[in-house]
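A short worksheet on the structure shown next.
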Amino acid sequence: MSSAVKASLQSQLSSRKFSNAQFSNVLSGFQLSRLAEASQKQRSWLDIQKGELLAPVLVPRQIGSPGYRAAQGLIVDTLGKLGYAISWDNFTASTPAGNVKMANIIATRNPSAAKRLVLSAHYESKVMTDGDFVGATDSAVPVALMLDVARGLADKIDQLTSRDLSLQLIFFDGEEAYHEWTATDSIYGARHLADIWEKGPDSATVAALGGTAQHVPELQRVELMVLLDLIGASTTAFVALELPTADLFIQLGKLEKRLHSAGHISRTYMNMTVQPGSNNIADDHIPFVQRDIPVMHLISVPFPEVWHTLDDNAKALDPRVIADMSIILRSFVARDKADPQELEPLSEEKSEADIADDDVSDNSNNNDDAILAGDGPDHQEASNFPGTGRAVLSDIDWST
Ligand SMILES: [Zn+2]
């Protein structure tokens with residue numbers, strides 16, 4: 001990493017931080033229980049065989065195919081019914097397979113809000129020469145989880161928007177390369193959207209604010225982009241890949257420890273022992289990071305064993321992981337919509353007590369301290385990944 005890059009990362013770290021960064025204690029243990037119970041009651045939505053938010057996208061979704069159209073329909077129907085403003089970013093991409101019509105789908109709850117918390121994933125599946133590739137982890141499950149968050153939190157989201165931070169879901173098209181992954185044969189949708197959002201507002205924002213309103217480029221409204229990818233296999237695990245959001249990742253790790261200690265999730269997923277900042281996985285976040293948007297990249301590291309094989313289908317999925325991720329993501333998005341009537345006043349000491357009540361082990365704090373002490377940009381990517389025995393970060397082909 002060059003010193004110029006280090007300086008740039010440092011300035012991002014200090015100048016552009018997601019609000020409410022210390023969010024792991026915001027929700028009380030009672031509130032986390034309520035969120036977890038709701039997710040458990042709604043678990044059928046994400047059933048691998050029949051789940052209404054997952055099964056329809058567990059099919060090959062190559063651009064233009066019936067499965068691709070079905071995914072578009074599911075996204076638009078589900079979020080339209082929930083009152084999200086839907087906008088389409090239609091464009092024609094020049095690919096090694098010729099000109100291809102692609103479409104990013106953006107769903108925004110209350111587009112007149114000043115800022116957006118973005119959840120994102122790509123919805124198309126890769127073209128493979130040896131058969132119909134489903135891409136269950138890549139990225140059917142992330143798409144289904146985004147829909148699950150929106151529907152599961154439907155009655156709470158407007159409390160979020162009342163704080164002028166709205167939820168926005170981006171479903172990218174054309175993430176996958178047609179041939180070899182290169183800068184020009186990959187992330188077609190993300191590159192297109194970042195480009196037009198750098199110049200102007202999203203059409204849903206214009207519709208909400210009116211044509212005469214002062215419009216800022218949509219990117220200026222993005223407070224944080226969470227990019228989900230390669231999620232759902234039993235080995236799902238994450239590390240802090242983006243230095244400017246390493247503190248958020250640590251908070252998310254603390255939040256999931258509370259969920260785990262309270263028995264709401266089967267295990268934890270945030271690997272807090274790997275130094276943050278190995279900022280080199282090519283994915284849809286790249287054009288946004290290049291434009292200084294803070295990104296938390298939740299992609300499984302190591303990649304699932306089935307990655308970019310025909311085995312990345314329903315059989316590769318672990319329902320416990322999907323159920324856990326539903327609870328974790330709902331809790332993350334809900335973290336600052338807490339209903340004051342349900343929330344006891346939180347002082348610093350009270351926050352610690354709340355954690356203690358949830359029986360979080362001291363080990364977690366030790367791990368956090370290790371990361372916090374070493375989260376400077378001098379730390380290069382980790383050389384191993386404790387607990388898996390197989391992943392060496394530098395050995396992985398990072399194209400997704
Ligand atoms: Zn892929």
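Values quoted throughout were computed directly from the atomic coordinates according to the rules given, and no laboratory measurement underlies them. All values derive from a computational prediction rather than experimental measurement. Here the Cβ positions follow ideal geometry from the backbone for every residue, glycine too, while neighbour counts run over all protein chains shown.
Before moving on, here are some points about what is shown:
- Modelled spin labels at T182 and K315, positioned 7 Å past Cα toward Cβ, are 3.6 nm from each other.
- log₁₀ of I(q)/I(0) at q = 0.21 Å⁻¹ - segment 146-188, Debye sum with one point per alpha carbon: -0.69
- Separation in nanometres of the label points that stand 7 Å from Cα toward Cβ, at S44 and I86: 2.4
- ³J(HN,Hα), Karplus 6.51/-1.76/1.60, whole Hz, each residue of segment 136-142, x for Gly, Pro: 5, 7, 10, 9, 4, 5, x
- Measuring between alpha carbons in the structure, the pairs from K101/K199; K126/K254; K156/K257; K50/K254; K199/K257; K50/K81 lying more than 30 angstrom apart are K126/K254; K50/K254; K199/K257.
- The magnitude of the dipole of segment 267-325, with charges of +1 and -1 set on the Cβ of Lys/Arg and Asp/Glu and taken from the Cα centre, is near 160 debye.
- Viscosity 1.567 mPa s, temperature 4 °C, Stokes-Einstein D of segment 192-333 from Kirkwood C-alpha radius, µm²/s: 77
- Normalising the Debye intensity of segment 99-252 to I(0), with uniform scatterers on Cα atoms only, and taking log10 at q = 0.21 Å⁻¹ returns -1.50.
- In segment 123-234, Cα pairs under 8 Å separated by at least six residues give a relative contact order of 29 percent.
- In this simple spin-label approximation, A207 and T273 carry label points 7 Å from Cα along the Cα→Cβ vector, and these lie 4.9 nm apart.
- Here the translational diffusion coefficient of segment 27-126 follows from Stokes-Einstein with Rh set to the Kirkwood radius across Cα pairs; for 20 °C and 1.002 mPa s it amounts to 134 µm²/s.
- Euclidean distance between Cα centres, segment 204-233 to segment 252-296, Å: 21
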